[in-house]
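The values are calculated or read from the model by the stated rules, or taken from the named source; none is laboratory data. The shown structure was predicted, so the numbers you read here are calculated from the model rather than taken from an experiment. Counting neighbours? That spans all protein chains shown, and the Cβs are built from the backbone with ideal geometry, glycine included. The area values use the complete protein model at the heavy-atom level, side chains included, leaving out ligands, DNA and RNA. Shrake-Rupley method; radii C 1.70, N 1.55, O 1.52, S 1.80 Å.
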Amino acid sequence: MTAVETTTPDAVYEGSSVELRDLSLAYGDVAVVRDVSLTVAPGTTTCVIGPSGSGKSTLLRGINRLHDPASGDVQVAGRSVLGDKPDDLRLRIGMVFQHFNLFPDHTALENVALAPWKVKGLSKAEARRLAEERLREVGLGERMDHRPRDLSGGQQQRVAIARALAMRPEVMLFDEATSALDPELVKGVLRLMAELCERGMTMVVVTHEMGFARKVADQVVFMDEGEVVESGTPEQIFDHPRSARLQTFLSEVL
Ligand code: ADP
Ligand code: MG
């Protein structure tokens, strides 16, 4: 585990468990996620795969309460979070989106320092120091004063990851974090995500990158039409798919 030995103690994470119990999510009367039960052990990575429209993004949004459940429960670190204020929960759960959602008029450093300063109440100097650390950790030590438009898509996504990490989250959610990137930039971001996993972060990753899921995931979850159809180890899901729906999906994407 040289990655751990060569980084600062700050860069070792203590991920929390996530448990979904019979979670259903709806838009109006239409249930788009139905009765999903899922256990993500602390410090492990779960990859969620499935066709477009199967409810993957909605499921992620249910975990950090961007979308409130119609029924069921979400537990983080063994405790239901449904009674918590969504804003408080989002301090504990970082999320990274397909379109990086950075503040365009702020530098990389400011993008990362802003929430620790404004939301967590660190002094400006402390927030800057923290942001510098996180940006170095994601390989952007030389680009801290650049604005998003002067960074590549891969670099912008790393700023977004650094920004989430600066809040010291217990869990990180990734929603197709590499789908908007040029192919040559995808690898670097996936490598960074694999590193976070090695350092103990709990991660739920919606992805089309089957190679990443196979290599990095502790658990792979296949969703279709709002349901978890199958879940298991990468070997079980990719090498021994049981359901016709998963077999069809894999034949289309692999
Ligand atoms: P995925 O991420 O797997 O592509 P989504 O979670 O985005 O799937 O969508 C699941 C279903 O919910 C789809 O049928 C989609 O059309 C529907 N949906 C997504 N967002 C909304 C919305 N804001 N209002 C109504 N329906 C939505
Ligand atoms: Mg989606």
**OP:** Based solely on C-alpha atoms, express the radius of gyration and the Dmax of the chain in angstrom.
**Re:** 17.9, 56
Original post:
Just the Cα atoms of the stretch 166-235, one point each, no solvent: what log10 I(q)/I(0) does Debye give at q = 0.15, 0.21, 0.27 Å⁻¹?
Top reply: -0.53, -1.00, -1.37
**OP:** If a/c stays under 1.5 just call it rounded; otherwise compare a/b with b/c (prolate if a/b is bigger, oblate if not). Do that for the stretch 40-102, with a ≥ b ≥ c from the square roots of the Cα gyration tensor eigenvalues.
**Re:** rounded
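Enter the accessible area per residue of the stretch 1-115 (Å², integer; probe 1.4 Å; all protein chains in place). Mind dumping the intermediate values first?
Working: 5360 Å² over 115 residues.
Value returned for the stretch 1-115: 47 Å² of accessible area per residue.
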Subject >> Separation in nanometres of the label points that stand 7 Å from Cα toward Cβ, at ASP35 and GLU126 >> reply: 4.8 nm
**OP:** Pop out the ³J(HN,Hα) list for the stretch 105-118 in order, Karplus 6.51 cos²θ - 1.76 cosθ + 1.60 with θ = phi - 60°, rounded to Hz; leave Gly and Pro as x.
**Re:** 8, 10, 5, 4, 4, 5, 4, 7, 7, 4, 5, x, 6, 7
**OP:** Using only protein heavy atoms and a 1.4 Å probe, report how much of LEU151 is accessible, in Å² to the nearest 10.
**Re:** 10 Å²
Original post:
Probe 1.4 Å, all protein chains in place: accessible area of MET144 in Å², nearest 10?
Top reply: 20 Å²
Original post:
Against the longest principal axis of the chain, how steep is helix 183-198, in degrees 0 to 90 to the nearest 10, with axes from Cα atoms?
Top reply: 90 degrees
Original post:
Sequence-distant or interchain residues sharing an amide H contact under 5 Å with ALA31, placed H: which?
Top reply: none
**OP:** Determine the share of the stretch 178-254's accessible area contributed by carbon and sulfur atoms, expressed in whole percent, with a 1.4 angstrom probe.
**Re:** 46 percent
**OP:** Roll a 1.4 angstrom probe over the protein heavy atoms and tell me the percent of accessible area of the stretch 1-146 that is carbon or sulfur.
**Re:** 50 percent
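Return the loop-located GluC sites (Glu not before Pro) in the stretch 2-99 (DSSP other than H, G, I, E, B) with at most 14 other Cβ atoms within 10 Å of their own Cβ; answer none if there are none. If you can, show how the numbers build up before the last one.
Numbers: sites: GLU5, GLU14, GLU19; in loops: GLU14.
Hits after loop and neighbour filter: GLU14.
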Subject >> Three-way shape call for the stretch 65-141 based on the alpha-carbon gyration tensor, with the a/c threshold at 1.5 >> reply: prolate
Subject >> CD proxy at 222 nm, helix term only [per DSSP H run n ≥ 4: -39500 (n - 2.57); per residue of the chain; nearest 500] >> reply: -10500 deg cm²/dmol
Original post:
Residue by residue, what Karplus-based ³J(HN,Hα) values in Hz, rounded to whole numbers, does the stretch 149-155 have, using 6.51, -1.76 and 1.60 with θ = phi - 60° and x for Gly and Pro?
Top reply: 5, 9, 10, 5, x, x, 5
**OP:** At 1.4 Å probe size, with no ligands or nucleic acids counted, give the accessible surface of SER54 in Å², nearest ten.
**Re:** 0 Å²
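Below 8 Å, C-alpha to C-alpha, sequence gap of six or more: please give me the relative contact order for the chain in percent. Don't jump to the answer; show the numbers that get you there.
Numbers: 484 pairs, mean separation 68.6, N = 254.
Contact order relative to length: 27 percent.
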